[in-house]
1. Could the peptides 71-78, 26-33 be put in order, highest first, of the mean number of other beta-carbon atoms found within 10 Å of their residues?
2. Taking R0 as 25 Å, what's the FRET efficiency between Ala158 and Val187 from their Cβ-Cβ distance, rounded to 0.05?
3. Using a 7 Å offset from the Cα along the Cα-to-Cβ direction at both Gln118 and Ser142, what is the distance between the two label points in nm, to one decimal?
4. How big is the charge dipole of the range 46-189 about its Cα centre, in debye rounded to the nearest 20, if each Lys and Arg gets +1 on its Cβ and each Asp and Glu gets -1 on its Cβ?
5. Per 0.36 nm of contour for each residue apart, how much would the distance between His26 and Val180 grow if the chain were fully extended, relative to their Cα-Cα spacing?
6. What area, in nm² and to one decimal, does the C-alpha convex hull of the range 82-145 cast on average over all directions?
7. If you take every residue apart from Ala106 with its C-beta less than 14 Å away from the C-beta of Ala106, what net charge results, scoring Lys and Arg +1 and Asp and Glu -1?
8. I need the calculated FRET efficiency for the pair Ala109 and Ser55, taking r as the beta carbon distance and R₀ as 35 Å, to the nearest 0.05.
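Every number in this text was worked out from the coordinates using simple rules, so none of it is lab data. Computed from a prediction, not measured in an experiment: that's the story for all the values here. Positions of Cβ are backbone-derived with ideal geometry, glycine not excepted, and every protein chain shown enters the neighbour counts.
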Amino acid sequence: MKPFLHILALLLATLASACSSPAPVHFHSLMPATAPAVPASAATRAWSWEVTGVSVPAQVDVPELVLRLPDATLAVMERERWIAPLGDEVRAAVSEALAQRLGPPAGAAGPLYRVQLQVLRFDNTPGVDARLVLDWSLRDASSAAGVSLSCRGSFTEAASSGIPALTAAQRSNLARLAAVLGDALNVAASGRAPGCPG
């Protein structure tokens with residue numbers, strides 16, 4: 001009987017310590033899971049590009065993920081965090097997606113096109129969608145008279161419940177943004193004047 005009581009006491013102690021242990025912190029990233037393949041056209045590209053900076057609203061510029069609930073309130077998820085500052089995550093994810101379309105950013109001796117992003121809304125509603133609204137600009141940094149373009153973009157991706165689904169939906173939004181930026185960069189580099197998407 002004593003061994004049974006000892007094992008029971010040990011199990012109860014283990015359960016009690018498990019209940020009192022804090023839940024683990026989960027870290028999330030907006031970066032795609034796989035590195036981009038370099039397109040063949042990158043070898044002959046005579047221009048460069050870079051994403052120079054990203055600003056994000058103060059309400060979501062925190063380590064924790066911020067959720068927008070269906071009743072319009074916000075929830076800060078203390079144990080669900082970005083692996084890096086949100087602005088850095090957005091910049092890195094867009095740069096990675098652009099590299100997949102255009103090739104590495106630097107290296108060419110021709111014009112240098114700079115992209116700036118100002119995130120206006122970065123909403124994550126569990127079981128509904130992830131929404132990204134931002135102003136973006138494209139400028140030829142190698143010429144004062146070069147192309148200059150400013151646009152607004154809005155992207156929404158449906159998301160099932162759960163944090164991984166929301167981060168995946170925002171990755172999809174950023175990939176769609178990169179497609180728009182890539183098209184504008186290609187148009188500018190061809191000597192034509194790019195325009196904002198309709």
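1. 26-33, 71-78
2. On the way: r = 30 Å, r/R0 = 1.19.
Efficiency, rounded to the nearest 0.05: 0.25.
3. The answer from the label model is 2.7 nm.
4. Dipole size: approximately 260 debye.
5. Numbers: separation 154, 0.36 × 154 = 55.44 nm, distance 3.13 nm.
Taking His26 through Val180 to full extension adds about 52.3 nm, to one decimal.
6. Numbers: hull surface 24.4 nm².
Averaging across all directions leaves 6.1 nm² for the Cα convex hull.
7. Taking every other residue near Ala106 into account, the sum is +1.
8. On the way: r = 30 Å, r/R0 = 0.87.
Efficiency, rounded to the nearest 0.05: 0.70.
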